[in-house]
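Structure, as structure tokens:
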Amino acid sequence: MIGDGAHVEFIAWAYAGVAVLTLGLIGYVVWDLSRVKARLAALDKAGIRRRSERDAQ
Amino acid sequence: MSVTPDTKPALKPLKQPNWFSRLAHPGQFLVWSRYLIWPLAIISAVLFAVGLWFSFFNSPDDYQMGDMVRVMYVHVPNAWLSQFVYALMAASALGTLVWRHPLADVANKAAAPLGAVFTALALYTGALWGRPTWGTFWEWDGRMTSTLVLLLIYLGIIALWRAFDDQLKAGRIIAIVTLVGALNIPVIKFSVDWWNTLHQPASVFTASGPRMPMSLLTPLLIMTLAFTALFGLLQVVRMRTEILRRRADSLSRQAALQGGGA
Amino acid sequence: MSAFLAVIGRELRLAVRAGGEALTLVLFFVMVGVIVPFAIGPDRPQLMRLSTGIVWIAAFLSMLLGLDRLFRADDEDGSLLLFTTSALPLEAIVAAKLIAHWLVTALPLLLATPILALLLSMTMEQWTKTLLALLCGTPALTGFGAIGAAVTVGLRRGGLIAPVLILPLAIPVMIFGVGSADPLAGNGATLFLIALSLVVAVFAPFAAALALRSASE
């Protein structure tokens, strides 16, 4: 269990900071991916796609 | 040269490249790396759940550090990753320069911000650990100082990636910077240690640290694996993002060319 | 060998005729030393204690300031392209340019140190030690600077990025440079500084040439 509680605020700050930055990083990575996917989708909608994928249509 | 226009020689069947080259092809990478994402996500989620349970509810107080051992469970994994990620970037830099591996500079670009965040977290948790244990947030001691310099190197590499328009050229040039940094890091570590002993003959704490009992090691190991799995997951996703981004860039270029020509 | 010397001669002539770059750098170097007492107060013992560090910071900043012109002008007027196809290997040309660059940017700083020594009330011993340390350490700074300049030569905004890239790498030069004037440190720091300069001076032309080739590819 949580021990003597002498430094609880330091532990809380440490875990909170790690959580915020790590989740922020995950959020950024996901946002970046979705942004690029949206760009590709917009290009695809405009009929611009790679040669390999153009033939399949 | 007896090839006449009407008797074109049949295309020779392409020699099948070995499995390593096939893994390396960006298109192939997009195919097979898809199957890594969910397993890695699940593994890191489970490891984080178990590790956090251990570190909050099942961790004994160290007789020296008391409750503060809990900070160690997030500090050490980030400190490990800060160096591991740079080692990975240096390896990919070799891949770029020596083998012109098409995925290597993608890996370098993907890893740099991740490494910077882990290094920043290592410094942040280190400062919070230091305050109650040594009475100061920041100590100009060898390890903390060289980690700070490592963060600066990461940030420089990120700034350089952002400054280049031509990403292929950027890959080779940044690989050189990454390698120069990798060769320099031991020198920096050594010089900072030397400087530190010059100015602080009586060290505040010993670098070796106390011997760790098994009960502390278990949560530490699990958290380290959890963070490493998370890094692996983010690295794969970012590499896929980067490949797709380059594909989108070249498609937009083609579209602009055709639009201009028509 | 004569081609090597010709490149050095060309660089020196360019530096002299292009007018005042070296002089401006020396002016900047002295000015940093003049600014610092305004920031920390005119207390002579304190200035004396900090003087070695101040001179090194001034030298660092001046070297960074002079770095951008190392390859940029050659890139703009096309000489760099000629260099990459010349009979002399690019590494040798870069090495020649580094020697010339050191002569134009670092040597004047060394000659200007007596001014700073007077202003910062250095002792004779401090000044000679700092001068020796600068002599041993500036080749390493030039070497790191060359890598930074080569890496950013193709960038329009490279002027700001090169210092940011090489400052962390050059920290050991600063540590051993200031350390070699420290009476506690003994001879070790100077020897480390010389070792660092030799290694960097050998290594930098290759890294810089590789970067220049990649940039012009």
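FYI, it's all coordinate maths here, none of it is from the lab. This structure is a prediction, so every number in the text was calculated from the model and none was measured. Cβ coordinates were reconstructed from backbone atoms using ideal geometry, including for glycine residues, and neighbour counts include every protein chain displayed.
The table for this structure:
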quantity: Average partner coverage of B:186-198, which counts Cβ from other chains inside 10 Å; calculated: 5
quantity: Spin-label pair C:Leu103/B:Ser252, simplified geometry with 7 Å Cα→Cβ offset, distance in nm; calculated: 4.9
quantity: Most to least packed among B:119-126, B:31-38, B:134-141 [average Cβ atoms within 10 Å]; calculated: B:119-126, B:134-141, B:31-38
quantity: Pairwise FRET efficiency - C:Asp43 versus C:Thr123, Cβ, R0 = 25 Å, nearest 0.05; calculated: 0.95
quantity: Per-residue average of Cβ from other chains inside 10 Å of B:127-139; calculated: 2
quantity: Ranked by how many other beta carbons lie within 10 Å on average, peptides C:130-137, C:148-155 from highest; calculated: C:148-155, C:130-137
quantity: Net charge over other residues, Cβ less than 15 angstrom from the Cβ of A:Val29 (K, R count +1; D, E count -1); calculated: +4
quantity: Packing rank of C:51-63, C:108-120, where each peptide gets the mean count of other beta carbons within 10 Å, highest leading; calculated: C:51-63, C:108-120
quantity: From phi via Karplus (6.51, -1.76, 1.60), per-residue ³J(HN,Hα) for segment C:204-213 in Hz, x at Gly/Pro; calculated: 4, x, 5, 4, 5, 5, 4, 5, 5, 5
quantity: Calculated FRET value between C:Ser79 and B:His25, using beta carbons and R₀ = 25 Å, to 0.05; calculated: 0.05
quantity: Estimated FRET transfer efficiency (B:Val46, C:Ser2; beta-carbon r; R0 60 Å; 0.05); calculated: 0.30
quantity: Integer Hz, Karplus 6.51/-1.76/1.60 couplings in order for segment C:71-82, x for Gly and Pro; calculated: 10, 5, 4, 5, 5, 6, 8, x, 5, 4, 5, 5
quantity: Distance in nm between pseudo-label sites at C:Ala195 and B:Gln167 (7 Å out along the Cβ direction from Cα); calculated: 4.2
quantity: Given charges at Cβ of Lys, Arg, Asp, Glu: chain C dipole, positive-most of C:Ala195, C:Thr52, C:Gly154; calculated: C:Thr52
quantity: Residue-by-residue Karplus 3J(HN,Hα) for segment A:23-32, coefficients 6.51, -1.76, 1.60, Hz, glycine and proline x; calculated: 5, x, 4, 4, x, 5, 4, 5, 4, 4
quantity: Between segment C:100-146 and segment C:23-80, the alpha-carbon center distance in angstrom; calculated: 10
quantity: A:Leu23 versus C:Asp182: modelled label distance in nm, points set 7 Å from Cα along the beta carbon direction; calculated: 4.4
quantity: In range of the label at B:Ile37: residues from segment B:220-262 whose backbone nitrogen is under 14 Å from the point 7 Å along Cα→Cβ; calculated: B:233-245
